[in-house]
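Derivation of every value follows stated rules applied to the coordinates shown; laboratory data play no part. What you see is a predicted model, and the numbers here were worked out from it, not measured in a lab. Cβ sites come from the backbone with ideal geometry, for glycine too, and all protein chains shown count toward neighbours.
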Ligand SMILES: CC(C)(COP(=O)(O)OP(=O)(O)OC[C@H]1O[C@@H](n2cnc3c(N)ncnc32)[C@H](O)[C@@H]1OP(=O)(O)O)[C@@H](O)C(=O)NCCC(=O)NCCS
């Protein structure tokens, strides 16, 4: 069921909030970083019209809506500056299952901020919204992402990788999963 009342999640250093229109410039800036876009679905530079359409869509969206992605804006708690986003898609057929995606402004990496933000979204998914399973797919060349998922306690189920030819390169994406039991064991 859509979480219409959602406002924000707080961590020690971050505030995960809804996107706002004044996030446009920073959002477009980090999506335009070539290394940030390399394994993602968009092209750098990220066009302004697409950035505006994305923000319009997210401003009207609510987390935990079956069949839809919701992007949490990752902002610094001190000054509310945008440093990235976390996407959570709720399965349309089984709303107990969600898929995670994440992007950090390259200028904000290397500080543990992505891990901190994702942990808050996992707590929201499992503890507040009662999800059974959260999955994430990541390219095998994205070592930072592989490290991050392992550190958070995701496991690699035995399912096959996804292969494809993307942005002129062969890609291999592997599935990672965390169950509500995994989360409870980690959190407890
Ligand atoms: C994947 C991505 C989010 C990882 O960002 P990140 O900053 O490396 O992730 P973390 O938050 O886990 O931070 C870990 C780093 O912070 C350091 N760190 C500093 N303080 C820390 C703290 N308090 N806690 C944890 N780590 C800390 C760690 O040592 C590590 O640095 P290292 O990589 O130099 O060893 C980022 O590279 C990214 O957005 N990439 C582009 C988008 C993308 O491809 N996303 C994945 C799609 S599935």
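Structure data summary
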| quantity | calculated |
| --- | --- |
| Among residues of the range 36-59, those that are assigned to a helix (DSSP H, G or I), more than 18 Å from the chain's Cα centre (by Cα) and closer than 26 Å to residue 162 by Cβ, counted | 1 |
| Filter result (within 8 Å of the ligand (Cβ to nearest atom) and surrounded by fewer than 16 Cβ atoms within 10 Å (Cβ to Cβ)) within the range 25-39 | 35, 38 |
| Extreme residue, surrounded by the fewest Cβ atoms within 10 Å (Cβ to Cβ), among residues of the range 71-80 that are away from the ligand (no atom under 12 Å from the Cβ) and not in a loop (DSSP other than H, G, I, E, B) | 76 |
| Helices (runs of 4 or more DSSP H) lying entirely in the range 81-188 (those with 2 or more residues that are more than 10 Å from the ligand (Cβ to nearest atom) and either over 17 Å from the mean Cα position of the chain (by Cα) or surrounded by 13 or more Cβ atoms within 10 Å (Cβ to Cβ) (or both)) | 113-123, 180-187 |
| Pair list, Cβ < 6 Å and 6+ apart or interchain, from the range 26-44 residues that are closer than 12 Å to residue 142 by Cα and touching a residue at least 40 places away in the same chain (Cβ under 8 Å) to residues that are within 11 Å of the ligand (Cβ to nearest atom) and assigned to a loop (DSSP other than H, G, I, E, B) | 39/142 |
